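Quick notes on the structure that follows.
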Amino acid sequence: MNPKRCGNALVGIAVVRHSPLSNAPAREYQSPAKESLRPTPQQHALLEQLAAEDAAWPNIPPPPVPPLSPADVRSAAARQRHKAPGPDGWRGSELEHLPEAALQTARDLFAQVEAGQDWPAQLGHWKQVHLQKPNKELGALASLRPISLSSVWYRIWSGIRVRPWLAQVLPDEQHGSVRRKGVHTALALLELGKDPMRAGRDGCFRFIGAADLAKAYDSLGAEFCTRDLGRMGVPASLLQAWDRAWRVQGDAASPMALCAVISEALVRVKRHAAALGGQHLHRVYLDDRSWITSNADLCASIGRRWKHEMGHVGMAECRSKAEYAATGGLAAQTALQETLEQSGTVGTVVERPKVLGTRLQLTRAHTGPSEDETKRLNTAQYLILEAAALPVTRHQALFFAKSTGMAVATSCGWSRLPNLQELQKLQRAIDACHGDAHSLWGGWPAAQIAGAHQTLHLLMHLDGGLRDCWQSMRQNQGPIMMLRRWMERQGWNALEPWVWEHADAHSILDARLPAHRGNAAWLARGGRVVCSLPGQGKAHVAHVLRDAWHAQQWREFQDSGTKAAQAAGHLRWRDVEQRAVLVSKACEAAPPPLRPHMRAIAVGHWVSQARFQLTQGLAVDPCCYCGDAHPDRLHEWTCPGLRTDSRHLPPDPLFRALGWPRCGHSDVDASLLCELARVRARIVADRYPAPASTFVTPQARRAGREGKRKESLC
């Protein structure tokens, strides 16, 4: 399990010993096997009886476990490439490139463990990382979130052996710890009930409930998990090896193990809801559960049933996270609250329930962004403005702004796409770092980037049932509506459900499943580049989306009215797409000091000592190098005080406007572009001297601005 980067981490006993918490986290989270987690024989007998009554999984012997191969180990190590290392320090990126003999040794080790041998001592220890919870008191024990990190070798074995079994036996309602089923699919599943929820008809989905467990991994016994997995058909040899890896830890420190316990409880909860009557829809992400029902009594009864089922395995519900919501305005919410109180159901009725960190909108009323969304954008704006004020070059300031503020701004949730009005403050902060807003690829970068990562995941990972949600919640929030709004913002026109056309890029994106495809009329349109999902892969889909963004930016650049835009106004994106690839390769092959200047020239951000108006290109100052009173736009190339090369620029208008090499002359034009970059570097160095070594803190800058404001008032 990966630690979330949500605060300072206290890793292991060595760090905790020097913290103001003394040894409290060590006593609380790093104790040996806890006696309270050991199930009693009565609990096992009860669960066996309930499982026999449910008969959710066929009681047949599991098939034999196939032997591992070095290729399996290498493939599993590649999936751990970006994961955090365990206590032994090994990373997946290191194991991925081990020689074949080393992988064969690892395969033999796993075979011995599955045969009944104990795990090596180094692989039987877990590292505890205590992360500070957001918006909680610093230094308090209750404000720390314990995260268990195992060795990457153990994670490789578990990913090869146990994860495929879980993917086969877990219900469709469960998400998390299953490949291609994450937060986005869990939230999108709720959209199946949103459209009838808005209709307000009798018998439709109108009520939603959410629940979460308190300290799920700390209170879950390992024996519960192994017996549940055994009833689900996982081979005994794998379960015994899994159990031996948990003995030092004492609890089931694995999200996959928690999924097994929740699965059996989910079967009984669904059977209980079916006996009461009414429509109901369930969604589970690890220990986070939510459900949509057609009546309030059924919604409250499911919440009480979940509490009852979790009591069988010694786990408790978190009272503060038990939320309920209803459509129909204040009257429906008041009636739901009365139902909860009369039935003794623990929970609070809210207007916008929070599911997996995302606030859901269930009414027609427009409520605007939530507090979390506003706080995230304000934090991103502050970080970008701080980066713009750093005493560094503009290129370095952009790098800091991209790695801090833009990373915060674009990590939005899966339910809502920020409006353009909400991004205005953030965009002004970006312009302060970027400079020329009329250069190519410079307009509205926040609006273009926000939601791109989520859209790509939704396009690639939605199954057939979720793709039926195209018409759900047209005026509301949700993953599907967020995807549709983002595609529309990028210039994609929907021809039919899950089929888009981009006129500027001259391409068509077909996101339907193969079973839903037929002889569509748009296939007869000649000259279109058709991309079908998901067979063509994530990288190809990302390339199609990125190419469409470039085509849209090219059109907006041509409409800006600058001299560079006027010179390239007659060229379509299809005519210059290949040359954009050539200029990208030329920048990568150039010396590192010249790359920022080459990229600036390639997007139309020329710099001349003679200042120009942004849109008209009229000279207002003479050149300080040669005294020419009427310099043109490319004066720096012909100025005798700057020119270091006797070659002339080619007559090609695109090269004169943006420096993009010509097809067939890429080597010659790339060298000319390098010379243009050297001239630009000298002008920038003369115009913007090296920053002073003294760093002015943000507090000092704010104090100076406050002093000037007071002087102006006096």
Taking Lys and Arg as +1 and Asp and Glu as -1, residues besides L571 with C-beta under 13 Å from its C-beta add up to +2
Would you tally the net charge around Q117, using a Cβ to Cβ cut-off of less than 13 Å, leaving Q117 out, and scoring K and R as +1, D and E as -1?
-2
From fewest to most C-beta neighbours within 10 Å, the residues W470, W119 line up as W470, W119
Can you tell me the equivalent ellipsoid semi-axes for region 94-133? Use √(5λ) from the Cα gyration tensor, largest first, whole Å.
27, 17, 7
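Please report the net charge: other residues with Cβ closer than 13 Å to the Cβ of L239, K and R +1, D and E -1.
On the way: positive: R161, R227, R231, R244; negative: E114, E223, D228, D243.
Overall, the nearby charge balance is 0.
Using Cβ contacts closer than 10 Å as the measure, can you line up T562, T334 from fewest to most?
Details: T562 24, T334 12.
Ranked by crowding around the Cβ, least crowded first: T334, T562.
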Report, for region 172-362, the % of DSSP beta bridges that are antiparallel, rounded to 5.
85
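Computed over the Cα atoms of region 172-362, what is the ratio Rg over Rh, Rh following Kirkwood?
Result for region 172-362 is an Rg/Rh of 1.00.
Here, each number is a calculation from the coordinates, and none is a lab measurement. Small disclaimer: the values here were computed from a predicted structure and weren't measured. Cβ coordinates were reconstructed from backbone atoms using ideal geometry, including for glycine residues, and neighbour counts include every protein chain displayed.
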